[in-house]
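The values are calculated or read from the model by the stated rules, or taken from the named source; none is laboratory data. Values in this document were obtained by computation on a predicted structure and should not be read as measured data. Cβ coordinates were reconstructed from backbone atoms using ideal geometry, including for glycine residues, and neighbour counts include every protein chain displayed. Side chains included, ligands, DNA and RNA excluded: accessible areas come from the protein's heavy atoms. Shrake-Rupley method; radii C 1.70, N 1.55, O 1.52, S 1.80 Å.
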Amino acid sequence: MKKLMAIFLGALVGSALRYLLTPVGAPHHLLTVMAINIGGCLLLPLVTGALPLLVPVAPHVVTGLSVGLVGSFTTFSTFALDAARLLQAHAYWTALGYVGGSLLLGWLAAAGSLSLTHRWVKGARFR
């Protein structure tokens, strides 16, 4: 029950933040969704890897932050729908940039975050 409540509370915050950052029809919608998803790629390894090893935190809190907060903040469905709409509108180069940029930058953010997590955890073990 603790995990479910933690997920609920995290999702409440994450989805509200995403809603506030991505108003429908905003001029920079694609860039905002891209930034949110890349931010999630950066944040998830820190929450699941570094946080529980560096700070005494209960497992249900990690679940609430990862599944609830980061999971509801990021938005694969919006990313996929935006890409499909770009293809329907024959905006092929924009679609390629959006999909390619999201994947590449998301991967780089996750990889960088994992590297940072390993350094922090390794450094903390030798203190």
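Couple of notes before you dig in:
- In the set L96, L103, only one residue is open to solvent by 90 Å² or more (accessible area, probe 1.4 Å) and within 14 Å of the chain's Cα centre (by Cα); that residue is L103.
- Top-ranked residue in the stretch 31-52 [being small (G, A, S) and more than 10 Å from the chain's Cα centre (by Cα); ranked as farthest from A80 (Cα to Cα)]: A50
- Counted residues, the stretch 74-99 - those being part of a helix (DSSP H, G or I) and of a type in the set (S, T, N, Q): 4
- Contacts under 6 angstrom Cβ, first residue in the stretch 1-26 being open to solvent by 80 Å² or more (accessible area, probe 1.4 Å), partner among the β-branched types (V, I, T), 6 or more apart: K3/T63; L21/T32
- Residue in the stretch 66-77 that is over 12 Å from the mean Cα position of the chain (by Cα) and either among the hydroxyl-bearing types (S, T, Y) or open to solvent by less than 40 Å² (accessible area, probe 1.4 Å) (or both) present: yes
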